[in-house]
Amino acid sequence: METKKPELNEICPGLFSMKLNMMHTSNQAWIDNRKKALNNAKDKEHLIVQDVVELMVIVVDSPSQKRRNKATNIEKLERKIKHNPNHLNTLADLAVLNRNSNLPEKAAILEERINEILNSSDPNDIIEKAISVLEKGYAALFEDYTGSGIEAQQMLLESLQLIKVEQNTAVGKKKGVLREASNCILDARRRMFQALNCKTNDSFYDKNSSVELLEKGLQYLSNTSYSKEKYYIWKFYYAMAYSRMSDIEVATSNKTCISEKAVNLFWSVIENLSKDNECFSIYRARSYAYIGHILISTHKPSDAYPSYSSYENDKQFQALLGTPLSSFQCAYNELSNDEVVLSREGMSLWLLYKFGPAKNIEYLEKSERQLSSSILHNPYLRRFDFSTRMKVYLEMSSLEGIPLERREDLLKKALADGKTSVGLNLNARDVCKLAEICQRLAKFPNFYRNGPKAVTNIEYLHVALDYLNQCFKAKGQNYFTAYTFGSIYFGLGEFRTASEWHKRAFMISDFKLGNGNIKPLLFSILSLGEGSNMYVELIQVLTYIARKRKDVQFLRTLVPKVHVEDYLRSLLNFFIFLQTFPLTAEQVEIAETLKGCLIRKNVLKADQVGGSQYTITTTQVVEYDVKPEIVYQRVQMKTEPVDVQHNWSYDFCIITSGVNTGWVQCFLQHQLSTPMVDSDMIFTGFPGIDYDSCSTLLETTMNGIKKSRKSILVLSKDFLTREWCLLKQIILKTLQNRSDFLFIILLEKCDVPSEIDDAHLSYFDFTDEMRIPFETQHLKFALVEN
């Protein structure tokens, strides 16, 4: 279907109307770096972007934040209007500044002029409208969509801490108001955390998508008398916008891969901008560099690009497809020593070394030189170069034959680059890589060993934790941060926290990533010590892994390269425990597979165990067939009135099905009772509910509810068909007296009992296992809030 050409009257001129993040940041270092970047663009890029660059500088000095800049910025824009009275973005931003300066008459005159241009069909006015959209696309191209979220998280945390301090000394009504304010901020933090972990499919583009705006502007210009050369300069920025998008297939690009679309656009720039004009050298050179980097980063052979068939007779293009690295020589022939070209070549050489068919050390060494040259040109602009050079230094530190002193120096250089990169752009992958570097330095020179005994400088692990905590607060969690948290805490000897992070990592992981997390998870649990509680936790974890993977073969590869004897001895003791513990059928299969592994490792002899006998569990099939009213006659049921004040013994009590008690203890109760990050509180859970009989179930549930500040009702189909009929009366009666005592977790897709008025209760959806770690963190926020 043909894409509908955008209407000219859809234009909303002005950069202020875009609500760019750069307008609202209070990070002065970021503002200074942004100004340096804009001044660099003004010096090096074509005159057609000068107007928008100057407007972006004014936006950074937002009048809503800095009153002293208003008059100066108004004077600047008035001078620009004298140069081009019809420049829409200047007119619109000047109107905003006049209104903010209490000059409505001047603003009205400007707005009337804007409307005249927008409604005009004059060819020159049509060009002005197109330029307005293109300039907004240029501004959006350099927008940072993550900065405001990071800053909001930090400011909420600081506000909460200040209110808590004030609350400690307040009395009477003031104390109550501060408590309400504290709860509101906690709720805002919880919702912000939830938002940071949301993935939305609402729109393919961001709210101010540079691709969308630049595409629209170019469509406006397509049938005008606008200069062909200038048109292709704008097309270069359009290509840049495409190159920054994820490499996926979308209908908007006619099933053409994003990277292929970007290459086509960059090549059109090279074809249509004359080599003889020095003004175009920067665009031709950078187009070559982008093409080379895209071709190398997508790892595709030249015959895998059907979209390039139109260039099959273009010898130069075919040569670039065959040897993408030659693109950079073409770029240097156009413009020597350009920082963007140096940067793209450095990143491409790193990719060729890391993912290419052979580990060519020359690629690694040249990558370091090119990245260093790029950084030397403009250190405040090259945040991605610091990130890549960090990885290069880390890789170089692992090369064979490197002296120890040189190896340590490379790791320290990698750490310095990591800190700079994270300081410029808080990226979760970079934070995890930085933490890996810290681990190596903490254990240097034996950085391939595991555990606290290998650590010689614990301060490096504390540095890693500081960055991980910062990343968690600002960005939430993913597999890589969860895994890295687990590794760092293991090195610190905090095995419980390490175990809980590795559990989260496995839940979030896909099949491939999960493989790398199984050994650290099990080793963390075994490091907790020996005893029935630890072994029960371990069999629950193994059961969960087996269910997720749909087999038990992962047990055959669980022996690590280090600590083998201790590890095997712990596994042997675990197997002995399994012979005495009630197991399900799938747990028996796990035990038998583990037995085979131990026999193959000569830790266990076949004649020692013979045909192993296991106890098949019966506790999970107890039927509560006694009528509830009979049990209630035997058990005195009391609930406290709403106005009774309590000093709770526990923060929470978990009410669940007997079938799910093991999973809940392993994957929920431990998570709530463990401080996972710096800002986490430790919540104390009711020790447990006894499911042996109707009487014990009712008595312990009542006791748990009575002594706990909150109760967490874990709903499953099994609970609704078995325990609910017995526990319904106590839960409903408690809700009458304590309407806020209950949280609900949906462990499976099922209906909430109709007797519960759930309009004002908090829900946590555990039906998608990959979302459970995020929902658990939301539950923690809710426990703090209440």
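Miscellaneous remarks
- Summed over the stretch 695-734, the residues that are in contact with a strand residue (DSSP E or B) (Cβ under 9 Å, 6 or more places away or on another chain) and of a type in the set (S, T, N, Q) give a count of 6.
- Subset of the stretch 657-705 (residues that are of a type in the set (Val, Ile, Thr), over 14 Å from Arg722 (Cβ atoms) and over 27 Å from the mean Cα position of the chain (by Cα)): Thr684, Thr696, Thr700, Ile705
- Criterion (buried (at least 22 other Cβ atoms within 10 Å of the Cβ), under 21 Å from Ala414 (Cα atoms), of a type in the set (Phe, Trp, Tyr) and within 25 Å of the chain's Cα centre (by Cα)) met by exactly one of Tyr460, Tyr489, Tyr479: Tyr460
- Residue satisfying condition, being at pLDDT 90 or above and closer than 20 Å to Lys261 by Cα, within set Leu342, Leu325, Leu335: Leu325
- Just one of (1) under 26 Å from the mean Cα position of the chain (by Cα); (2) surrounded by fewer than 18 Cβ atoms within 10 Å (Cβ to Cβ); (3) among the aliphatic types (A, V, I, L, M); (4) part of a loop (DSSP other than H, G, I, E, B) fails for Leu381. It is (2).
- Subset of the stretch 696-747 that is in a helix (DSSP H, G or I) and of a type in the set (Phe, Trp, Tyr) - its residue that is farthest from Ile772 (Cα to Cα): Trp724
- Residues of the stretch 668-703 that turn out to be without any contact (Cβ under 8 Å) to a residue 60 or more places away in the chain, crowded, with 18+ Cβ neighbours inside 10 Å, farther than 29 Å from Phe193 by Cα and touching a Ser or Thr at 6+ places or on another chain (Cβ under 8 Å), as a count: 1
- Residue in the stretch 746-759 that is surrounded by fewer than 18 Cβ atoms within 10 Å (Cβ to Cβ) and touching a residue at least 60 places away in the same chain (Cβ under 8 Å) present: no
- Each residue in the stretch 675-698 was checked for being farther than 19 Å from Gly662 by Cβ and modelled with pLDDT of 90 or more, and 5 of them qualify.
- Residues that are at pLDDT 90 or above, polar (S, T, N, Q) and crowded, with 22+ Cβ neighbours inside 10 Å are absent from the stretch 117-124.
- Scanning the stretch 568-582 for residues that are of a type outside the set (Phe, Trp, Tyr) and either within 38 Å of the chain's Cα centre (by Cα) or part of a helix (DSSP H, G or I) (or both) returns Leu568, Arg569, Ser570, Leu571, Leu572, Asn573, Ile576, Leu578.
- Only one entry of Asn69, Asn86, Asn27 meets the criterion of being modelled with pLDDT of 85 or more, touching an Asp or Glu at 6+ places or on another chain (Cβ under 9 Å) and surrounded by 13 or more Cβ atoms within 10 Å (Cβ to Cβ), and that entry is Asn86.
- Residues that are in contact with a Leu (Cβ under 9 Å, 6 or more places away or on another chain) and modelled with pLDDT of 90 or more are absent from the stretch 622-642.
- Matching option when the condition is part of a helix (DSSP H, G or I), among the hydrophobic types (A, V, I, L, M, F, W, C), surrounded by 21 or more Cβ atoms within 10 Å (Cβ to Cβ) and more than 25 Å from the chain's Cα centre (by Cα), among Leu468, Leu555: Leu555
- Among the helices (runs of 4 or more DSSP H) confined to the stretch 169-256, the ones with at least 2 residues that are modelled with pLDDT of 85 or more and aromatic (Phe, Trp, Tyr) are located at 228-243.
- Residue in the stretch 332-342 that is under 30 Å from Asp276 (Cα atoms) and of a type in the set (Ser, Thr, Tyr) present: yes
- Every residue from the stretch 42-57 that is part of a helix (DSSP H, G or I) and at pLDDT 85 or above: Lys44, Leu47, Ile48, Val49, Gln50, Asp51, Val52, Val53, Glu54, Leu55, Met56, Val57
- Unmet requirement for Asn100, which otherwise passes all of (1) over 30 Å from Leu424 (Cα atoms); (2) touching a helix residue (DSSP H, G or I) at 6+ places or on another chain (Cβ under 6 Å); (3) modelled with pLDDT under 90: (2)
- Any chance Leu528 is in a loop (DSSP other than H, G, I, E, B), within 26 Å of Gln669 (Cα to Cα) and within 30 Å of the chain's Cα centre (by Cα): yes
- Selection status of Gln329, assigned to a helix (DSSP H, G or I), within 23 Å of Arg429 (Cβ to Cβ) and not hydrophobic (A, V, I, L, M, F, W, C): no
- Counting the residues of the stretch 480-516 that are in contact with a helix residue (DSSP H, G or I) (Cβ under 9 Å, 6 or more places away or on another chain), farther than 16 Å from Leu461 by Cβ and not aromatic (Phe, Trp, Tyr) gives 16.
- Neighbours by Cβ (under 8 Å, 6+ apart or cross-chain): first from the stretch 498-510, surrounded by 24 or more Cβ atoms within 10 Å (Cβ to Cβ); second of a type in the set (Ser, Thr, Tyr) and not in a helix (DSSP H, G or I): Ala498/Ser527; Glu500/Thr674
The values are calculated or read from the model by the stated rules, or taken from the named source; none is laboratory data. Worth saying up front: this structure is predicted, and the values here are computed from it rather than measured. Virtual Cβ from ideal backbone geometry, glycine too; neighbours counted across all protein chains shown.
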